[in-house]
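The values are calculated or read from the model by the stated rules, or taken from the named source; none is laboratory data. Note that the structure is predicted; figures quoted are calculated from it, not measured. Glycine gets a Cβ as well: all are built from the backbone with ideal geometry, and neighbour counts include every protein chain shown.
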């Protein structure tokens, strides 16, 4: 899936913004903030959670939304987190950012799921119309091909989600994105059917 690959590539390129504590703690020179996070179990846990949430939100975001998330994360790092001078300040900064970004993540996830449902319904409408338009002799063929396609979609998207995410929290997102894109392609194919010979 080209679109999904581009999203994942963007996450990789910008991973330095949402870096996890385990990565930055390997550096030879640590800032006072980094040292505080690296040496505290709670702050390290929050930093890791924020890293994962940031990446997952980027994957779910549209192009213009990704820029917004990146800018917000950078502002939070420089204007909030890096200006803390105590453990309690850092804890509050992470808790607030996690809450804010979590809300954005769930909004984007709901939008993706709703988008897939809408696309699936649109495809079903096109299928029903084609079954009415085509001669009786073609209808059974189209129904059989559609059933095969539906099974193939599930298999394809499960494999893609397993290959790219395994059991991680990104699996649902990858699976849903795959279903939405595959369904959109199927809808376009159904719309192009003009005769029995074009059914596939």
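Points worth noting:
- Looking across the stretch 123-170, the residues that are touching a residue at least 60 places away in the same chain (Cβ under 8 Å) and surrounded by 15 or more Cβ atoms within 10 Å (Cβ to Cβ) come down to 123, 126, 127, 130, 134, 138, 160, 164, 170.
- Across the stretch 131-141, not a single residue is classified as in contact with a helix residue (DSSP H, G or I) (Cβ under 6 Å, 6 or more places away or on another chain) and under 27 Å from residue 73 (Cβ atoms).
- Scanning the stretch 147-171 for residues that are part of a helix (DSSP H, G or I) and modelled with pLDDT under 80 yields one hit, 165.
- Some residue of the stretch 86-94 being in contact with a helix residue (DSSP H, G or I) (Cβ under 9 Å, 6 or more places away or on another chain), free of Cβ contacts under 8 Å to residues at least 12 places away in the same chain and more than 23 Å from residue 183 (Cβ to Cβ): yes
- Criterion (over 30 Å from residue 149 (Cβ atoms), modelled with pLDDT of 90 or more and surrounded by 12 or more Cβ atoms within 10 Å (Cβ to Cβ)) met by exactly one of 75, 49: 49
- Applying the criterion of at least 1 residues that are within 23 Å of residue 173 (Cβ to Cβ) to the helices (runs of 4 or more DSSP H) found wholly in the stretch 29-145 leaves 41-60, 63-79, 87-133.
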